[in-house]
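Notes follow the structure.
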Amino acid sequence: MKKQFKKWAFRLIFTGVFLVGLLVTFMLSPMLLYAHKTVVGNYSVYHNMPLNNGFLHRLGQADAIIKSSELYDPALKMDICLKDGAPYPALVEKVMGKDLLTSFYNKMVFTGNVINYQENYIELDGHKWNLAEMIAHAGVHCLEFNKYGLFKANPLGKHPAWKWEGYPEYIARQDTGAANLQKGIATLLQAGQATNTGWMMLPDKTEVLTVYFQYRLLVQYCMEVKRMSFVQLLANTTPEATARLQMMQWYNGQH
């Protein structure tokens, strides 16, 4: 009986390892689930349908933004996986959860419900995000992973969300300068958002999670007012609440 049990246990373990290996293979090899691959600069775009010129335009906009990051590495090749009939985005969504544009390792995977290249938005559950900025946000996450590696990048790195998410938002939005920082803080205060929930409407009629808006402002304050690099910010141990208090003291001192 013990021998039989060991055989069953071995078979179960072997099957589990095989299935996990198969899943990892598909996750890291999108070419297995797409009909076409088109190389655009440093990006390998996986798609089933012919590439839309609108997408190429938005990718060009996002690429220019990504290159402004201090983490930019011209040797890094990134994969972009479109949601145009291939099963890959659905697989990624099942493994990693629902999102607009999922990023991991060197991959950006479109998983939103609606993508409009001409009007520059990607939509999920009725909320529209700026498409070019969302691609840039996902691309900066790839730069973070490239810089810190599997064990030091989030989620395993366990860096505070306001830094890890705020930095891609800061780069993607491009609202730099003291005047824009003050304007952003004023907008947040006028919105009357006292908690880290809800959405905010932006001037281009797209939306952003309030918490992401807050994260971006905190990172902008640390990088532009306190003159930190992202590497320095990530290593800094100042708590989020303290950084927020310091930012508000700075803001009040400008008026």
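Odds and ends about this structure:
- Cα pair count fraction exceeding 15 Å, expressed as % - segment 170-232: 50 percent
- Taking every alpha-carbon pair under 8 Å whose residues sit at least 6 apart, the chain reaches a relative contact order of 14 percent.
- Residue-normalised accessible area of the chain, given per residue in Å² at a 1.4 Å probe: 53 Å²
- For the chain, modelled as a GNM whose springs connect Cα atoms under 10 angstrom apart, the maximal fluctuation among Gln232, Gln61, Gln182 occurs at Gln232.
- Antiparallel DSSP beta bridges within the chain, percent to nearest 5: 75 percent
- Where (1) 164; (2) 116; (3) 135 are the candidate values, the label of the one calculated here for volume of the Cα convex hull per residue in Å³ is (1).
- For segment 112-120, 3J(HN,Hα) per residue [Karplus equation, 6.51 cos²θ - 1.76 cosθ + 1.60, θ = phi - 60°, Hz, x = Gly/Pro]: x, 6, 10, 10, 10, 6, 5, 8, 6
- In summary, the helical segments of the chain meeting the span-like criteria, namely a full DSSP H run, a Cα extent along the axis of 24 angstrom or more and a mean Kyte-Doolittle hydropathy of at least -0.5, are 2-28, 131-152.
- In a simple Cβ point-charge model (Lys, Arg +1; Asp, Glu -1; nothing else charged), segment 179-255 has a dipole of about 140 debye relative to its Cα centre.
- For segment 77-146 and segment 173-244, distance of Cα centres in Å: 22 Å
- Helical runs (DSSP H, four residues minimum) scored at -39500 (n - 2.57) apiece and divided by the length of the chain put the mean residue ellipticity at 222 nm at -16000 deg cm²/dmol.
- In this structure the amide hydrogen of Val45, modeled in the peptide plane, comes within under 5 Å of the amide hydrogens of Thr38, Val39, Val40, Ile80, none closer than 5 places in sequence on its chain.
- Note on segment 95-224: with neighbouring protein chains present and a 1.4 Å probe, carbon and sulfur make up 53 percent of its accessible heavy-atom surface.
- Among the listed pairs Lys77/Lys147; Lys77/Lys226; Lys107/Lys152; Lys107/Lys163; Lys98/Lys226, those with a Cα-Cα distance over 24 Å are Lys77/Lys226; Lys98/Lys226.
- Accessible-area ranking of Lys107, Lys158, largest first, probe 1.4 Å: Lys158, Lys107
- Between the amide H of Asp84 and those of Asn48, distances stay under 5 Å, these residues lying 5 or more places away or on another chain, with hydrogens modeled in the peptide plane.
- Near Gly198, the amide H atoms lying under 5 Å from its own belong to Thr210; only residues 5 or more places off or on other chains count, and H is placed 1.01 Å from N.
- Simple spin-label estimate for Glu119 and Lys205 in nanometres, 7 Å along Cα-Cβ: 0.6 nm
- Radius, Kirkwood style, for segment 38-120 when every pair of distinct Cα atoms is counted (Å): 13.5 Å
- Springs between Cα atoms under 10 Å define the GNM used for the chain, and in it the highest mean-square fluctuation of Asp204, Asp63, Asp79 occurs at Asp204.
- Taking the average, over residues, of other Cβ atoms within 10 Å as the packing measure, peptides 109-118, 161-170, 146-155, 51-60 rank 161-170, 109-118, 51-60, 146-155 from highest down.
The values are calculated or read from the model by the stated rules, or taken from the named source; none is laboratory data. Fair warning: this is a prediction, and the values are worked out from it, not measured in the lab. Here the Cβ is made from the backbone with ideal geometry for all residues, glycine too, and neighbour counts use every protein chain on show. Accessible surface areas use protein heavy atoms only, side chains included; no ligands, DNA or RNA. Shrake-Rupley method; radii C 1.70, N 1.55, O 1.52, S 1.80 Å.
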